[in-house]
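Working notes for the structure below.
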Amino acid sequence: DSGVTQTPKHLITATGQRVTLRCSPRSGDLSVYWYQQSLDQGLQFLIQYYNGEERAKGNILERFSAQQFPDLHSELNLSSLELGDSALYFCASSVEVGGANEQFFGPGTRLTVL
Amino acid sequence: AQSVTQLGSHVSVSEGALVLLRCNYSSSVPPYLFWYVQYPNQGLQLLLKYTSAATLVKGINGFEAEFKKSETSFHLTKPSAHMSDAAEYFCAVSGHNAGNMLTFGGGTRLMVKP
């Protein structure tokens, strides 16, 4: 158990819908990352927050957005969903933002768009 | 820009045989390198990481990796495979950019035959 929790575990929805994925980082970790894992794109970095502020953006679509709240939990919002958004979405957390810091991954949320 | 290439999307070994999973990286600055393991329906777990302290890095579950700058490689090895090692393995690189997001290779699925 990494200490990072993600809810829900599974999510099935229809095209055009909007969903919210939730992540609680390990106690004491200030940095949260979101990654997408799909068969065709592999594991891709989406976005990072540090202590409530956006720190870095990766290959995140404009239909997707995220935020980190004062209690440090984070939410990833996916809207106008398409079939291609079906993937496993991971949240990870680390203490700091230095490159050597280990990122601890949650169990993921499997999103299926029908 | 950083990138990681994992040679061989599938590797099959017999139980007790040497495990060798290949990883080559590209980075314009000295990188931080990681190996993660993903068991079915689980998140990613860190096996080991290179942060420039020592070129031979020992990790959990008997795995180790050697950083070779001249070859831009960070191959993962284990002297004797166990059935429980069957999983997907990801090599990742992190640098000195704004955050410390991980750039992952495509992954290698390790199969262990009895």
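Given (1) more than 10 Å from the chain's Cα centre (by Cα); (2) under 26 Å from residue A:34 (Cβ atoms); (3) aliphatic (A, V, I, L, M); (4) surrounded by 14 or more Cβ atoms within 10 Å (Cβ to Cβ), identify the lone condition not met by residue B:37. Tallying (1) more than 10 Å from the chain's Cα centre (by Cα); (2) under 26 Å from residue A:34 (Cβ atoms); (3) aliphatic (A, V, I, L, M); (4) surrounded by 14 or more Cβ atoms within 10 Å (Cβ to Cβ), residue B:37 fails exactly one: (1).
Here region A:19-45 is the region considered, the condition is being touching a Gly at 6+ places or on another chain (Cβ under 6 Å) and within 9 Å of chain B (Cβ to nearest Cβ), and the residue that is nearest to residue A:80 (Cα to Cα) is A:45.
Among the conditions (1) within 12 Å of chain B (Cβ to nearest Cβ); (2) over 9 Å from the mean Cα position of the chain (by Cα), residue A:51 misses just one, which is (1).
When region A:1-18 is filtered for residues that are more than 11 Å from chain B (Cβ to nearest Cβ), part of a strand (DSSP E or B) and more than 19 Å from residue A:33 (Cβ to Cβ), the ones remaining, listed by number, are A:11, A:12, A:13.
Scanning region B:56-105 for residues being hydroxyl-bearing (Ser, Thr, Tyr) and in a loop (DSSP other than H, G, I, E, B) gives a total of 3. Touching a Gly at 6+ places or on another chain (Cβ under 8 Å), under 13 Å from residue A:111 (Cβ atoms) and aliphatic (A, V, I, L, M): is that true of residue A:78 in this structure? So residue A:78 does not fit the description; no. Could you please let me know if residue B:14 is farther than 24 Å from residue A:44 by Cβ, within 12 Å of another protein chain (Cβ to nearest Cβ) and surrounded by fewer than 17 Cβ atoms within 10 Å (Cβ to Cβ)? No, not satisfied. Summed over region B:19-59, the residues that are touching a residue at least 12 places away in the same chain (Cβ under 8 Å), of a type in the set (A, V, I, L, M) and within 13 Å of another protein chain (Cβ to nearest Cβ) give a count of 7.
Conditions (1) within 21 Å of residue B:45 (Cβ to Cβ); (2) under 15 Å from the mean Cα position of the chain (by Cα); (3) of a type in the set (Ser, Thr, Tyr), marked per residue:
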{"residue": "A:5", "(1), (2), (3)": "yes, yes, yes"}
{"residue": "A:8", "(1), (2), (3)": "no, yes, no"}
{"residue": "A:13", "(1), (2), (3)": "no, no, yes"}
{"residue": "A:16", "(1), (2), (3)": "no, no, no"}
{"residue": "A:21", "(1), (2), (3)": "yes, yes, no"}
{"residue": "A:25", "(1), (2), (3)": "yes, yes, no"}
{"residue": "A:28", "(1), (2), (3)": "yes, no, no"}
{"residue": "A:34", "(1), (2), (3)": "yes, yes, no"}
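Scanning region A:62-103 for residues that are at the interface with another protein chain (Cβ under 8 Å from one of its Cβ atoms), part of a strand (DSSP E or B) and either surrounded by fewer than 21 Cβ atoms within 10 Å (Cβ to Cβ) or of a type outside the set (A, V, I, L, M, F, W, C) (or both) gives a single hit, A:94.
Filtering region B:36-85 to residues that are aromatic (Phe, Trp, Tyr) and within 29 Å of residue A:6 (Cα to Cα) leaves B:36, B:39, B:50, B:63.
Each reported figure results from applying straightforward, stated rules to the coordinates on display, with no laboratory input. Bear in mind the structure is a predicted one, so any value in this text is a computation, not a measurement. Here Cβ is always computed from backbone atoms with ideal geometry, including for glycine, and neighbour counts include all displayed protein chains.
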